[in-house]
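Chemist: Let me give you the structure first, and then I'll get to my questions.
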Amino acid sequence: MMLRDDFPIYFNTTPIIWALSWTEKSDVVETEAQSEAGTDILLPVRYDKLEVTAQYKCMSGWVKTFKEFSLMDSFTLKIYDPITETYKERTVRMRNFSYSLVRHSEDLSVTEGVWKVSFTLKEI
């Protein structure tokens, strides 16, 4: 698969494991007003504001990595851009970080358990 091998996701300079679910949403930030005639007057302020929702199933080392990023004010996200077919960089913040231990995974000797992790990345 080209995308996974040639365009891994980076948080700052850290290559990130492949997600169970990674959904990118592109939003338009706009100011809306109404004319005297009742028609909408739209003033686009910004196009392509990124929001990502991600879910992972990972070992304890990755939970630590994701938790550390959740405590940062912001960081650089480097992801594939389908328009240019290269990387694009966005400054994001992590919100809604949560994690839970997968039942009975604490018995594994190579890790402190397998974890379900989810979070949202919001572009600044």
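The values are calculated or read from the model by the stated rules, or taken from the named source; none is laboratory data. None of these values were measured; they are calculated from a predicted model. Neighbour counts run over all protein chains shown; Cβ positions are idealised from the backbone, glycine included.
Chemist: On the given criteria, is F11 touching a strand residue (DSSP E or B) at 6+ places or on another chain (Cβ under 9 Å) and either modelled with pLDDT under 95 or acidic (D, E) (or both)?
Modeler: Against the criterion (touching a strand residue (DSSP E or B) at 6+ places or on another chain (Cβ under 9 Å) and either modelled with pLDDT under 95 or acidic (D, E) (or both)), F11 does not qualify.
Chemist: Filtering the stretch 97-111 down to residues that are in contact with a strand residue (DSSP E or B) (Cβ under 9 Å, 6 or more places away or on another chain) and modelled with pLDDT of 85 or more, which residue is farthest from S74 (Cα to Cα)?
Modeler: Only one residue tops the list, namely V102.
Chemist: Related question: With the requirement that a residue be part of a loop (DSSP other than H, G, I, E, B) and either at pLDDT 95 or above or touching a helix residue (DSSP H, G or I) at 6+ places or on another chain (Cβ under 8 Å) (or both), what does the stretch 31-74 give you?
Modeler: Matches in the stretch 31-74: L71, M72, D73, S74.
Chemist: Ok, one more. Which of (1) over 22 Å from S118 (Cα atoms); (2) part of a strand (DSSP E or B); (3) polar (S, T, N, Q) does T84 not meet, given it meets every other one?
Modeler: The number of the failed condition is (2).
Chemist: Of these, T53, T39, which one is without any contact (Cβ under 8 Å) to a residue 24 or more places away in the chain and either exposed (fewer than 10 other Cβ atoms within 10 Å of the Cβ) or farther than 17 Å from I83 by Cα (or both)?
Modeler: Residue meeting the stated conditions: T39.
Chemist: Okay, moving on. Restricting to the stretch 90-108, name every residue that is hydroxyl-bearing (S, T, Y) and free of Cβ contacts under 8 Å to residues at least 12 places away in the same chain.
Modeler: Selection gives S105 alone.
Chemist: Right, another one. Please specify each residue of the stretch 1-15 satisfying the condition of being assigned to a strand (DSSP E or B) and in contact (Cβ under 8 Å) with a residue 40 or more places away in the chain.
Modeler: Hits for the stretch 1-15 are I9, Y10, F11, T14.
Chemist: Does any residue in the stretch 112-124 that is at positive phi come within less than 9 Å, Cβ to Cβ, of a residue that is surrounded by fewer than 19 Cβ atoms within 10 Å (Cβ to Cβ) and of a type in the set (A, V, I, L, M) six or more places away or on a different chain, and which pairs are these?
Modeler: Short answer, once both residue conditions are applied: G113/M59; G113/L101; G113/V102.
Chemist: I would also like to ask the following. Looking at S100, S70 in this structure, which one is polar (S, T, N, Q) and either loosely packed, with under 14 Cβ neighbours inside 10 Å or more than 14 Å from the chain's Cα centre (by Cα) (or both)?
Modeler: One residue alone meets the criteria, S100.
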